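Every number in this text was worked out from the coordinates using simple rules, so none of it is lab data. Just so you know, these numbers come straight off a predicted model, no measurement behind them. All Cβ positions, even for glycine, are placed from backbone atoms using ideal geometry, and neighbour counts span all protein chains on display.
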Amino acid sequence: MSNELVRAILAIIVGAHGIGHVLFLVPVLGLAAWEQSASSWLLSSGGPTKVVGGIIWAVALIGFVAAAIGIFSESSWWRTLAVVVSFISLAGLALFWDNPPTQPVIAAAIFDVVVLIALLVFKWPPSSVVGP
């Protein structure tokens, strides 16, 4: 498989994960009543939850999409951004944790952890595939 194809696939996967954060953003803003938690166990309901949740989910969404663009364009900053937004996403998932968690929450958490392990532990993907 060519480096270009691997890079494109990684960019699409990371970008799709970012776009998937809309599943958390829309309910917390009160725009739709999906199965995701719109309330936090730590924050009071209403305004603070909407503001903090809106910021967390918007940053995660935009951050992963930007990281995908960085992967595709072989930019050097995408790895740092992906690590930062993975931690932000995990913090948001913990802050809005609902018991039992829904499948999207579990899938998002697993993806965030996989990104962190791949980038920080295994130093994958190599620069020969995605640039510096």
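Taking every DSSP helix (H) stretch of at least 4 residues in the chain, weighting each as -39,500 (n - 2.57) and dividing the sum by the residue count yields a mean residue ellipticity at 222 nm of -21500 deg cm²/dmol. Once the Cα atoms are used to define both axes, helix 103-116 deviates from the longest principal axis of the chain by about 40 degrees.
Cα centroids of segment 57-132 and segment 12-42: 15 Å apart. For segment 1-27, the residues whose backbone nitrogen is under 18 Å from a point 7 Å from the Cα of Gln103, taken along Cα to Cβ, are 17, 20-24. Among the chymotrypsin sites (Phe, Trp or Tyr not before Pro) in segment 21-82, those located in a DSSP loop and surrounded by at most 12 other Cβ atoms within 10 Å of their own Cβ are Trp41, Trp77.
With all pairs of separate Cα atoms included, the chain yields a Kirkwood hydrodynamic radius of 15.1 Å.
Taken along the Cα-to-beta-carbon direction at a fixed 7 Å, the label points for Lys123 and Ala32 span 4.2 nm. Relative to the longest principal axis of the Cα atoms of the chain, the long axis of helix 47-72 lies at roughly 10 degrees. Maximal additional length on extending the Val84-Lys50 stretch stands at 10.1 nm, based on 0.36 nm per residue less the C-alpha distance.
Measure nothing fancy, just the Cα-based angle from helix 78-95's long axis to the longest principal axis of the chain, in degrees from 0 to 90, nearest 10. Between helix and principal axis, roughly 20 degrees.
Report the net charge of residues surrounding Pro125, where surrounding means a beta-carbon distance below 10 angstrom and charges are Lys +1, Arg +1, Asp -1, Glu -1.
Values: positive: Arg7, Arg79, Lys123; negative: none.
Taking every Cβ under 10 Å from that of Pro125, the sum is +3.
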